[in-house]
Amino acid sequence: MNPMLAHRNHSTLGTGLRLLQQNKRLLLWVYLANLLTGLLPALAYHRQVSGILDHSFAAQRIAGRLDLSYLIELLQHTTKNGMGVYALFSLLALGYCVFSFILAAGIYYVFATGERPTLAVVERSGIEYFWRFVRITLFALLISLPTLGILAVLRNVLLKHADNVYVGRSFFFISMGTFAIVAIVAVFLRFWFDIAEAYVVQLGENGDRRVRRSVIPAWRLLWERFFSNYVSYLFIGILGWLGFSFFLWFWAVGVPPRLVGLAWVVGQLAIVCLLFARIWQRGMATAIVYSAPASEPFVAASYPVVPTLGPTSVIPEDHPQDAPQDAAEPPAAANSIDPASQAG
Amino acid sequence: MLQKPAIFFVLLVIACSARGSNAQTSIATNAPEGKPLSTRVVAYTIDANLNTDKKTLDATETLEYKNLTGQPLDTFPFHLYLNAFRPQSTFSYETHLEGGIRAGMGDGYPPEKIGGITISQISADGYGDLTQAMQFTAPDDGNMQDHTVMQIHLPKPVAPGETVRFHLTFHDKFPLSIARNGYKRDFIMGGQWFPKVGVFWHGAWNCHQYHATTEFFADFGTFDVKLTVPNRYIVGASGVQIGEQQNANGTKTLHFYGEDIHDFAWAASPHFLVADETFQSSMGPVKLHALVLTYHANMRQRYLSILKRTMQKFDEWYGPFPYKQMTLIDPEPGSEMYGMEYPTLITAGTDWWVPKALPIGLEVTAEHEFGHQYWYGMVATNEFEEAWLDEGINSYTEAKVMAALYGKDTSAVAFPFATASDLETQRIGYLSDPDYDPMTRFAWKFYSGNSYGAITYGKTATVLTTLESVVGEPTMQKALRAYFLKYRFTHPTGTDFLNTIVEVSGRTDLQTYFDQAVSGTRILDYAVASADSEPVDWWKSTSRNYKGPWRTVVALHRRGDFIFPVTVEVKFSDGSKVRENWDGADRWIRYTYVKNAKVVSAEIDPDHGVLLDKNYFNNSYVVKKNGTASWKLANYWMFVEQAFSQFAAWIV
């Protein structure tokens, strides 16, 4: 197990961030996969439009402050002859989704085990857990689609009624408010299944390949310290979106239109913000799983036990005597262990 | 001091002149000496009671029709436009089949969108009750279920020069907003709400059915309208308000009067805020009366500003605005009432969040609808048969006014990072469906709703702008002014318009252009096929320091079937440039130059006036490659793909 996960008294938010810091290379691999996904259609598109633009004066209306009418005209010309680029766009997005099963599993594996986040490790573990992650995603869809579908229908009905009474700003706020509720539920579901995915890896490391066993325990874990965990999870997502939005705004107003290189850098920073937040969320989900009673055999072994805190029968007979890195933790840390978390 | 007989004489003169001026005083226009501005064929007097809860209206109407046709008339057709909002109507069928530009129609017809107008009684002085003589007709498609045109046959004809007075009692049911009509929440738009007689034009009645793409056509006259509404309602209407009476039952009766107009519309809402201003037209003061919804209170000044500035430009460029009041209605959000023109009343449209950097929203709409006061309101062309004369010319002048007010390149979108000009958006509209229909096609006979929009609005604006590059901007402006002044308060045709351009420009060679652009569907597309330089003694090897002479060959290619004179500008490395003029008739042409300089670029239409050209990107060839634009777009593409992929991967 990753020694960092032994800090059960640490906040899951902080642990998630530290996991990410410890495994920065994971961000690199995910980013490279995402970059490759973007690069291929971009090069194909460049090949398609460079013949039209590179020797034309009209292209200057695109190179400078973007003239939307010229852009639309170009799209009209390219759409008629270049559906291949659009097909490639969709295909690669789909490909990235499929590859995300490997990446996500690899990330959880590295977080859980503390192995070096090399590409080989991510790849190997990702492939090993691939079908289990596909199955857990199917579970997620099975639960999310009806839930969110019903909410969306309810929202539409509500908005239809609200439309008869509320107009302008007030309707906008109702619309956004109801959207926020749907989004909060969607994030809740994502949170649940992030925990479930981390749980799948934990089970897997114990030799249990049954995916369905992760869903209910993940649900129970979800409700432990739910408020602080969920707010933290949401906070990470919002932080990612804020970063994404900031760089988009800066791209729009702060980058001279002809500086394509700088625009590229700013755009990539925006993308990295989202990736960073997502991996952080996975780190947090891992921290939650490994701080839970279910992981006592792994966690408790790392701690010196203070008898006054209550029953400590969870210490196994084969408790390793060689203290891990965390053995140097001051007793105060041990004192802050929540007895309730050891009760099971 | 004046003597008694003199005083008597002066008083007599004053009395006579006062009586004379009273007789001539115009109520709703600033007409010189109060004389009628139009040939007033019709005089409507309507007394209507609006039920704002049921969204219905009950009214009596008196129509005086003056037979100025020079022939006896024994048949009178009436438009009953509200009947279009039924599933059986031609309007609904066409909208469902081909798409309309003012409404959408799925598979089912929502019951709340059903509207209608019912005439319960009609009579005429000297003819008695004619109710039984009413019969629906369908002159355009024979759909007898359409019910948007009704006609009555009189037992004896109305002689030339005589006036016939009809009396009608009718009931309206307004639909949930559709095609610029009906209600949304407690907002009610009364457009095309009363039985309106057709136009006897070119020797026959012209009274078309209401179609998915058509608008309106009517005779000039006067409208004396009383509208009774609940006290809490505020009403904006065509003409001017001349009275208000409080009733005992919590209602009020508003009295409006309009003259030298050919239609009358009103809008009622309890949520209007009134914003008034005065515009000094060259014919006198005009009250700008904006009724803006409370939800858009922040937009009042933007509405008034664009209205006033547009009126200033029209007054300066095309001619005076003669009416005493111009009413602007801010329609209910989420309704289908945005952007519609009626005489001296327009609906615009906005939302509370629309930024100033998007003039294509509020400003373009308000400008466009006001422009119709000239091209439809006063120059009252037949919108059924020649829609390009109102929507098209208006789109052209809209682009001119917007460019003058908001900048040539920023008149539609003006963000720091992206722009668009109103004129170019018109051209893009044209390019979306460029070759199915000619501009001159009857509005309901277009291939589709999109083709109608692309050609009628977009192509006409593009064709006239291209024509402007031929005859010159001042000449074009002069021609439009002449057209307006000559044909205001009449019903001119496309031929009248084109002849005016020929007369004013003195260009008798424009017919070929009109044939291809106006009556035809040809596509204009010229391209620089190649531009290259090589040593004159090409067979000899040359060093890198070779200074010349160079032989430059520039080839142009006509890719479309539209033939148009072409100007090409060739630039050389020594800074010199050459302009060539080609009649554009052959499929291609080649120019050869021998100079001590290499070609840098060749550009067709270097003054960028030929907007009809379908492809801007092949109009030039720059020898030195510049990949900024292509890489910029590739970067966009890449970013969108990356972001989209991440969103999609959220399921994992």
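The values are calculated or read from the model by the stated rules, or taken from the named source; none is laboratory data. Just so it is clear, the structure is predicted and the values come from calculations on it, not from any experiment. Glycine also receives a Cβ, built like all others from the backbone with ideal geometry; neighbour counts cover every protein chain displayed.
Could you list, in sequence order, all residues of segment B:391-414 that are more than 12 Å from residue A:69 (Cα to Cα), hydrophobic (A, V, I, L, M, F, W, C) and either at pLDDT below 95 or crowded, with 19+ Cβ neighbours inside 10 Å (or both)?
B:393, B:399, B:401, B:402, B:414
Mind telling me which of the residues B:125, B:146 ends up being under 24 Å from residue B:197 (Cβ atoms), in contact with a Ser or Thr (Cβ under 6 Å, 6 or more places away or on another chain) and either surrounded by 12 or more Cβ atoms within 10 Å (Cβ to Cβ) or of a type in the set (D, E, K, R) (or both)?
Of the residues listed, the single one that is under 24 Å from residue B:197 (Cβ atoms), in contact with a Ser or Thr (Cβ under 6 Å, 6 or more places away or on another chain) and either surrounded by 12 or more Cβ atoms within 10 Å (Cβ to Cβ) or of a type in the set (D, E, K, R) (or both) is B:146.
How do the strands (runs of 3 or more DSSP E) wholly within segment B:569-652 filter down when requiring 2 or more residues that are under 17 Å from residue A:57 (Cβ atoms) and more than 9 Å from chain A (Cβ to nearest Cβ): which remain? Break it down stepwise before answering.
Details: elements: B:577-582, B:588-595, B:599-604, B:620-622.
The strands (runs of 3 or more DSSP E) meeting that bar are B:577-582, B:599-604.
Please go through segment A:270-293 and pick out each residue that is more than 11 Å from every other protein chain (Cβ to nearest Cβ) and not in a loop (DSSP other than H, G, I, E, B).
A:276, A:279, A:280, A:283, A:284, A:285, A:286, A:287, A:288, A:289, A:290, A:293
Taking residue A:132, is it of a type in the set (Lys, Arg) and within 14 Å of another protein chain (Cβ to nearest Cβ)?
Working: of a type in the set (Lys, Arg): yes; within 14 Å of another protein chain (Cβ to nearest Cβ): yes.
Answer is yes for this residue.
Scan segment B:597-613 for residues that are touching a strand residue (DSSP E or B) at 6+ places or on another chain (Cβ under 6 Å) and under 20 Å from residue B:517 (Cβ atoms) and report the count. Write out each step before concluding.
So in segment B:597-613, the residues touching a strand residue (DSSP E or B) at 6+ places or on another chain (Cβ under 6 Å) come out as B:597-604, B:606, B:612-613.
Next, only the ones that are under 20 Å from residue B:517 (Cβ atoms) stay: B:604, B:612-613.
Counting residues in segment B:597-613 that are touching a strand residue (DSSP E or B) at 6+ places or on another chain (Cβ under 6 Å) and under 20 Å from residue B:517 (Cβ atoms) gives 3.
Counting just the residues of segment A:167-221 that are β-branched (Val, Ile, Thr) and free of Cβ contacts under 8 Å to residues at least 12 places away in the same chain, which one comes out nearest to the other protein chains (Cβ to nearest Cβ)?
Step by step, filter segment A:167-221, then rank; the result is A:167.
Within segment B:611-618, identify whether any single residue is at pLDDT 95 or above and closer than 30 Å to residue A:268 by Cβ, and answer yes or no.
Applying the first criterion (at pLDDT 95 or above) to segment B:611-618 yields B:611-618.
Subsequent filtering for residues that are closer than 30 Å to residue A:268 by Cβ retains B:617.
Checked segment B:611-618: at least one residue is at pLDDT 95 or above and closer than 30 Å to residue A:268 by Cβ.
Taking the criterion of being without any contact (Cβ under 8 Å) to a residue 60 or more places away in the chain and more than 30 Å from residue B:429 (Cα to Cα), would at least one residue in segment A:63-86 satisfy it?
No: segment A:63-86 contains no residue that is without any contact (Cβ under 8 Å) to a residue 60 or more places away in the chain and more than 30 Å from residue B:429 (Cα to Cα).
With respect to residue B:303, determine if the residue is away from every other protein chain (no Cβ under 14 Å), more than 23 Å from residue B:242 (Cβ to Cβ) and not in a loop (DSSP other than H, G, I, E, B).
Here the answer is yes, as residue B:303 does meet what is asked.
Can you tell me how many residues in segment A:244-256 are more than 10 Å from every other protein chain (Cβ to nearest Cβ) and buried (at least 17 other Cβ atoms within 10 Å of the Cβ)?
1
Could you check segment B:403-422 and list, in sequence order, the residues that are out of contact with any Ser or Thr (no Cβ under 6 Å at 6 or more places or on another chain), aliphatic (A, V, I, L, M) and at the interface with chain A (Cβ under 9 Å from one of its Cβ atoms)?
Across segment B:403-422, the qualifying residue is only B:418.
Answer yes if at least one residue in segment A:90-104 is within 30 Å of residue A:133 (Cα to Cα), of a type in the set (S, T, N, Q) and more than 7 Å from every other protein chain (Cβ to nearest Cβ), and no otherwise.
Within segment A:90-104, one or more residues are within 30 Å of residue A:133 (Cα to Cα), of a type in the set (S, T, N, Q) and more than 7 Å from every other protein chain (Cβ to nearest Cβ).
For the list (1) in contact with an Asp or Glu (Cβ under 7 Å, 6 or more places away or on another chain); (2) crowded, with 24+ Cβ neighbours inside 10 Å; (3) within 12 Å of chain A (Cβ to nearest Cβ), I need the number of the one condition that residue B:426 fails.
Among (1) in contact with an Asp or Glu (Cβ under 7 Å, 6 or more places away or on another chain); (2) crowded, with 24+ Cβ neighbours inside 10 Å; (3) within 12 Å of chain A (Cβ to nearest Cβ), the lone unmet condition for residue B:426 is (1).
Which one of the conditions (1) within 19 Å of residue B:405 (Cα to Cα); (2) assigned to a loop (DSSP other than H, G, I, E, B); (3) at pLDDT 95 or above does residue B:264 fail to meet, given that it meets all the rest?
With (1) within 19 Å of residue B:405 (Cα to Cα); (2) assigned to a loop (DSSP other than H, G, I, E, B); (3) at pLDDT 95 or above applied to residue B:264, the lone miss is (1).
Go through B:587, B:559 for me and flag whichever is loosely packed, with under 13 Cβ neighbours inside 10 Å and either closer than 18 Å to residue B:615 by Cβ or among the basic types (Lys, Arg) (or both).
B:587
Tell me which residues, restricted to segment A:24-51, are surrounded by 20 or more Cβ atoms within 10 Å (Cβ to Cβ) and facing another protein chain (nearest Cβ under 7 Å).
Across segment A:24-51, the qualifying residues are A:34, A:37, A:38, A:41, A:42, A:45, A:46, A:49.
Can you tell me which residue within segment A:257-269, out of those that are at the interface with chain B (Cβ under 7 Å from one of its Cβ atoms) and without any contact (Cβ under 8 Å) to a residue 12 or more places away in the chain, is farthest from the chain's Cα centre (by Cα)?
Selected residue: A:260.
List the number of the failed condition for residue B:292; all other conditions in (1) more than 14 Å from chain A (Cβ to nearest Cβ); (2) buried (at least 16 other Cβ atoms within 10 Å of the Cβ); (3) part of a strand (DSSP E or B) hold.
If we test residue B:292 against (1) more than 14 Å from chain A (Cβ to nearest Cβ); (2) buried (at least 16 other Cβ atoms within 10 Å of the Cβ); (3) part of a strand (DSSP E or B), just (1) comes out false.
Filter segment B:98-122 down to residues that are of a type in the set (Ser, Thr, Tyr) and either in contact (Cβ under 8 Å) with a residue 24 or more places away in the chain or in a helix (DSSP H, G or I) (or both) and give me whichever is nearest to residue B:340 (Cα to Cα).
Taking segment B:98-122 and keeping what is of a type in the set (Ser, Thr, Tyr), we get B:109, B:118, B:120.
Retained after the next criterion (residues that are either in contact (Cβ under 8 Å) with a residue 24 or more places away in the chain or in a helix (DSSP H, G or I) (or both)): B:118, B:120.
Numbers: B:118: 24, B:120: 29 Å.
The qualifying residue nearest to residue B:340 (Cα to Cα) is B:118.
Of the residues A:71, A:158, only one is in a helix (DSSP H, G or I), away from every other protein chain (no Cβ under 12 Å) and farther than 30 Å from residue A:17 by Cα; which? Let's see the steps before the verdict.
Numbers: A:71 fails: away from every other protein chain (no Cβ under 12 Å).
Of A:71, A:158, the one residue that is in a helix (DSSP H, G or I), away from every other protein chain (no Cβ under 12 Å) and farther than 30 Å from residue A:17 by Cα is A:158.
When the residues of segment B:378-402 are narrowed to those that are small (Gly, Ala, Ser) and under 18 Å from residue B:443 (Cβ atoms), which ends up farthest from the other protein chains (Cβ to nearest Cβ)?
The extreme case among them is B:380.
Could you give every pair whose Cβ atoms fall below 7 Å, whose first residue belongs to segment B:590-612 and is more than 25 Å from residue B:522 (Cα to Cα), and whose second residue is of a type in the set (Lys, Arg), counting only separations of at least 6 or pairs across chains?
Pairs found: B:592/B:551; B:594/B:551; B:596/B:547; B:600/B:571; B:601/B:571.
Select from segment B:611-652 the residues that are surrounded by fewer than 20 Cβ atoms within 10 Å (Cβ to Cβ) and among the small types (Gly, Ala, Ser) and write down the one among them that is nearest to residue A:183 (Cα to Cα).
Ranking the qualifying residues of segment B:611-652, first place goes to B:648.
So, restricting to strands (runs of 3 or more DSSP E) that lie completely within segment B:158-250, which ones have at least 3 residues that are charged (D, E, K, R)?
The qualifying strands (runs of 3 or more DSSP E) are B:163-173.
Going by the structure shown, is residue A:265 at pLDDT below 95 and either β-branched (Val, Ile, Thr) or on the phi > 0 side of the Ramachandran plot (or both)?
When the stated conditions are applied, residue A:265 does not pass them.
Failed condition for residue A:98, given (1) without any contact (Cβ under 8 Å) to a residue 24 or more places away in the chain; (2) assigned to a loop (DSSP other than H, G, I, E, B), with all others met?
Here residue A:98 meets the rest and fails (2).
Test residue A:198 against the criterion of being out of contact with any Phe, Trp or Tyr (no Cβ under 6 Å at 6 or more places or on another chain) and either at pLDDT 95 or above or charged (D, E, K, R) (or both), and give yes or no.
no
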